[in-house]
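The values are calculated or read from the model by the stated rules, or taken from the named source; none is laboratory data. Keep in mind it's a predicted model, so treat the numbers as computed, not measured. Cβ: placed from backbone, ideal geometry, glycine included. Neighbour counts: every protein chain shown.
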Amino acid sequence: MRRVLFLADKHFRPLPRPGRSQRKPFPDWVDYKPNSIWIYDTTHFTRAGMAVLIIQDLVSRKWITEVVSVEETSTQVEVGFTDALDAEGLLEAIERRQDGLVDIAADDEPRPILLAVSDNGPQMTSGSTREFMALCAIAQHFGRPATPTDQAWIESFNGHLKAEFPHLLAIEDPATLRAELAVTREFWNSVRLHAGIGYVTPNDEHEGRGGPWYDRGEGLRRWTTQGKVPLQSSGRAKKLR
């Protein structure tokens, strides 16, 4: 085709490449403290033939819950968030919101209970998931298509999970995988020290025992709104892992 165009003195000009898009910042109403921003994703364990949806607190890095299933639909998202909301004691706040018993401050609309961050997977963007999130007063925030760095926190988590606990990849029985993931979650939250939160455990950070919130919260705010590296409470600049 190019030869024919050349002989006809026609020149093929490819379409210009689209410019680099900017990552959408988190909403202004978000509080950079535990149980304000959750991030979730689905990772695969092929030996067991299972897809595992994992929900993590973005600020404290606490691994809240997981759903092990052969399917990847809005049902798994709803089950996972229901379990996570129950585990974190947020169902009562949602019930008050549904009953209209909340005190609306300055805004015309009540603030969401929390922000759920994810990629653009079909189970995250489906109408059923949107309806469920709206019912629970959870706002959704999606990364750019084909840009996993917008969900760097959970992508890094998935990588560490499989690299540090390789025995999970060899499990073939789904029931065994569920049991081992529960044990691993307890170790991850209460024993393993995390560089991204100042070398404390997620449980310590989640429950306010990990040091001053201000430094890490402000650093996270700068990173998510301006693309800058956050300042840790020690004063040294480190990337969120």
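Of the numbered criteria (1) at pLDDT 95 or above; (2) touching an Asp or Glu at 6+ places or on another chain (Cβ under 9 Å); (3) surrounded by fewer than 14 Cβ atoms within 10 Å (Cβ to Cβ), the one GLU186 fails is (2). State yes or no: is GLU78 in a loop (DSSP other than H, G, I, E, B) and either in contact with a helix residue (DSSP H, G or I) (Cβ under 8 Å, 6 or more places away or on another chain) or not polar (S, T, N, Q) (or both)? No, not satisfied. Looking across the range 140-158, just one residue is at pLDDT 95 or above, more than 10 Å from the chain's Cα centre (by Cα) and not in a helix (DSSP H, G or I), and that is GLN140.
So which residues in the range 161-178 are hydrophobic (A, V, I, L, M, F, W, C), surrounded by 13 or more Cβ atoms within 10 Å (Cβ to Cβ) and under 23 Å from the mean Cα position of the chain (by Cα)? Answer for the range 161-178, where residues must be hydrophobic (A, V, I, L, M, F, W, C), surrounded by 13 or more Cβ atoms within 10 Å (Cβ to Cβ) and under 23 Å from the mean Cα position of the chain (by Cα): LEU161, PHE165, LEU168, LEU169, LEU177. For first residues located in the range 160-173 and under 11 Å from ARG47 (Cα atoms), partners that are surrounded by fewer than 12 Cβ atoms within 10 Å (Cβ to Cβ) and lie 6+ apart or on another chain with Cβ distances below 8 Å form the pairs LEU169/THR46.
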